[in-house]
Amino acid sequence: MSTKSKLPNWKVIHTIIFDFDGIFTNNKVWVNKDGTEFVCCDRGDGLGIDILKIFSKENSWKVKLMILSKESNAVVSTRAKKLGLDCYHDVSNKLNFIKKYVQKNFPDKVNANEGIVYLGNDLNDYLAMSYVGYSVAPSDSHSIVKNIADIVLDREGGNGFVRLFVEELLKVELFEGDNINKIIKKL
């Protein structure tokens, strides 16, 4: 993990935004002869999302979780649906989307963008990552993105990166006392 910064306390976060390709996938795509695309996702990342949702419910933490992707392929919304995440795909201007989201959902809150964590890996994430309060990148991100990320985790996208993020974000509370037992019983 990069030592540029540490992740914030979960209590100050109101929104976590995940890019899709390069975050939930290894940024590769398989295409069959008919043009159908396939991607590979890590099941551990799905379990990480489950842990995050159970933890938020157990702790009455109102956090919005969403996938925000430039990709228009239905695989993005299909995976988001399976994970129970809101999904916005075919979004070419992610910064504009996030600004509108903040204006709509936090009209009276100054600096509401500071309560957003964005996980991204490539140049089309750069402006969004620069705008939010905290940005997180996998180890195989574009070098320009790694340079502006608050945290660079020691895991490649699509290979348990989301799971590692969740565990790093919640590590103190997650593994303290009986918390992990409560969560494991609900998985």
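Inside the range 59-148, counting only helices (runs of 4 or more DSSP H) that do not spill past its ends, which hold 3 or more residues that are under 24 Å from C41 (Cβ atoms) and of a type outside the set (G, A, S)?
Per the criteria, 74-83, 94-105.
Out of the range 173-187, which residues are exposed (fewer than 13 other Cβ atoms within 10 Å of the Cβ) and polar (S, T, N, Q)?
The one that is exposed (fewer than 13 other Cβ atoms within 10 Å of the Cβ) and polar (S, T, N, Q): N181.
Yes/no per residue for (1) at pLDDT below 95; (2) surrounded by 22 or more Cβ atoms within 10 Å (Cβ to Cβ):
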{"position": "Y88", "(1), (2)": "no, no"}
{"position": "N111", "(1), (2)": "yes, no"}
{"position": "N121", "(1), (2)": "no, yes"}
{"position": "D125", "(1), (2)": "no, yes"}
{"position": "D140", "(1), (2)": "no, no"}
{"position": "R155", "(1), (2)": "no, no"}
{"position": "K171", "(1), (2)": "yes, no"}
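Given the structure, is K99 surrounded by fewer than 17 Cβ atoms within 10 Å (Cβ to Cβ) and within 15 Å of I16 (Cα to Cα)? Can you show your working first?
Numbers: surrounded by fewer than 17 Cβ atoms within 10 Å (Cβ to Cβ): yes; within 15 Å of I16 (Cα to Cα): yes.
Spelling it out, K99 is indeed surrounded by fewer than 17 Cβ atoms within 10 Å (Cβ to Cβ) and within 15 Å of I16 (Cα to Cα).
Considering the range 54-79 alone, what residues qualify as being within 26 Å of V31 (Cα to Cα) and either in contact (Cβ under 8 Å) with a residue 60 or more places away in the chain or among the hydroxyl-bearing types (S, T, Y) (or both)?
L68, S69, S72, S77, T78
Pairs needed: first member in the range 152-171, over 14 Å from L7 (Cβ atoms); second member anywhere, surrounded by 21 or more Cβ atoms within 10 Å (Cβ to Cβ) and of a type in the set (S, T, Y); C-beta distance under 8 Å; at least 6 residues apart or different chains.
G157/T25; G157/S141; G158/T25
For every residue, the table says whether it meets (1) more than 24 Å from L127 (Cβ to Cβ); (2) crowded, with 17+ Cβ neighbours inside 10 Å; (3) free of Cβ contacts under 8 Å to residues at least 12 places away in the same chain.
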residue: P8; (1), (2), (3): no, no, no
residue: I13; (1), (2), (3): no, yes, no
residue: F18; (1), (2), (3): no, yes, no
residue: D21; (1), (2), (3): no, yes, no
residue: T25; (1), (2), (3): no, yes, no
residue: K28; (1), (2), (3): yes, no, no
residue: T36; (1), (2), (3): yes, no, yes
residue: C41; (1), (2), (3): yes, yes, no
residue: L47; (1), (2), (3): yes, no, no
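The values are calculated or read from the model by the stated rules, or taken from the named source; none is laboratory data. Predicted model, so just to flag it, every value in this text is computed and none were measured. Counting neighbours? That spans all protein chains shown, and the Cβs are built from the backbone with ideal geometry, glycine included.
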